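Chemist: Dropping the structure in here first, questions after.
Derivation of every value follows stated rules applied to the coordinates shown; laboratory data play no part. Computed from a prediction, not measured in an experiment: that's the story for all the values here. Glycine gets a Cβ as well: all are built from the backbone with ideal geometry, and neighbour counts include every protein chain shown.
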Amino acid sequence: MTDAPNAPFAQPGSHDELELGDRLTPRFDAHGLVTAVVVDADDGAVLMLAHMNAEALAKTIETGVAHYWSRSRAKLWIKGETSGNLQRVAEIRVDCDQDAVLLKVRVDGHGASCHRGYRSCFYRAVPIGARAATATLAFAEPAPMFDPDAVYGSNAHGHGHSHDAAGHGTDGHSHD
């Protein structure tokens with residue numbers, strides 16, 4: 001990341017300027033990141049949660065293609081660069097205090113945003129009312145939209161993910 005964590009953005013001003021003003025002045029956290037919530041521009045479905053540093057946010061604004069900061073790989077990445085499932089940004093919104101962004105995107109290729117091939121990274125549901133310690137996840141999406149092994153190879157470690165014996169991602173980050 002850069003020495004000036006907000007560059008090229010101005011530092012946030014007063015509380016009212018931050019929350020009611022018309023200047024984009026993101027409030028990056030201690031690690032130089034803002035949270036990015038990514039939704040489908042057409043139907044509003046939540047696709048993924050990611051993080052952006054100042055460079056990723058600036059490149060996203062300037063190119064219209066979603067860029068993120070990979071915490072596990074400590075580098076900038078373009079979502080869909082490997083899989084062909086680029087996220088084309090239709091709109092960016094900031095939350096009230098500018099420490100999170102909402103990206104409304106249209107996804108190229110297979111239309112999947114998850115590295116496991118699913119449309120959304122939130123492809124499993126937790127049953128409400130179950131015992132928390134023994135809750136069993138239910139698949140909310142019937143099947144992946146593409147085969148991750150065919151796209152990334154059988155060793156997805158090169159994509160910043162560690163996998164358990166069943167091949168499930170264990171680092172909690174969305175990667176392409």
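Chemist: Based only on other Cβ atoms within 10 Å, what is the fewest-to-most ordering of 18, 47, 33, 24?
Modeler: Arranged by neighbour count, lowest to highest, 18, 47, 33, 24 become 24, 18, 33, 47.
Chemist: How do 119, 27, 131, 106 rank when sorted from fewest to most other Cβ atoms within 10 Å of their own Cβ?
Modeler: 131, 106, 27, 119
Chemist: Determine the principal axes of the Cα atoms in region 15-107, then give the extent along each, sorted from largest to smallest and rounded to whole angstroms.
Modeler: 42, 31, 22
Chemist: Based on the alpha-carbon gyration tensor of region 98-142 and its eigenvalue square roots a ≥ b ≥ c, which shape applies: rounded if a/c is under 1.5, prolate if not and a/b is larger than b/c, or oblate?
Modeler: oblate
Chemist: Using the alpha carbon gyration tensor of region 47-94, what are the three equivalent-ellipsoid semi-axes (square root of 5 times each eigenvalue), largest first, in whole Å?
Modeler: 15, 14, 10
Chemist: Here is a follow-up. Across region 15-56, what fraction of all alpha-carbon pairs, as a whole percent, falls in each successive 10 Å bin from zero upward?
Modeler: 24, 36, 37, 3
Chemist: Give the order of 77, 69 when sorted by the count of other beta carbons within 10 angstrom, beginning with the fewest.
Modeler: By the 10 Å Cβ count, ascending, the order reads 77, 69.
Chemist: Which shape class applies to region 5-163: rounded if a/c is under 1.5, otherwise prolate when a/b exceeds b/c and oblate if not, where a ≥ b ≥ c are the square roots of the Cα gyration tensor eigenvalues?
Modeler: prolate
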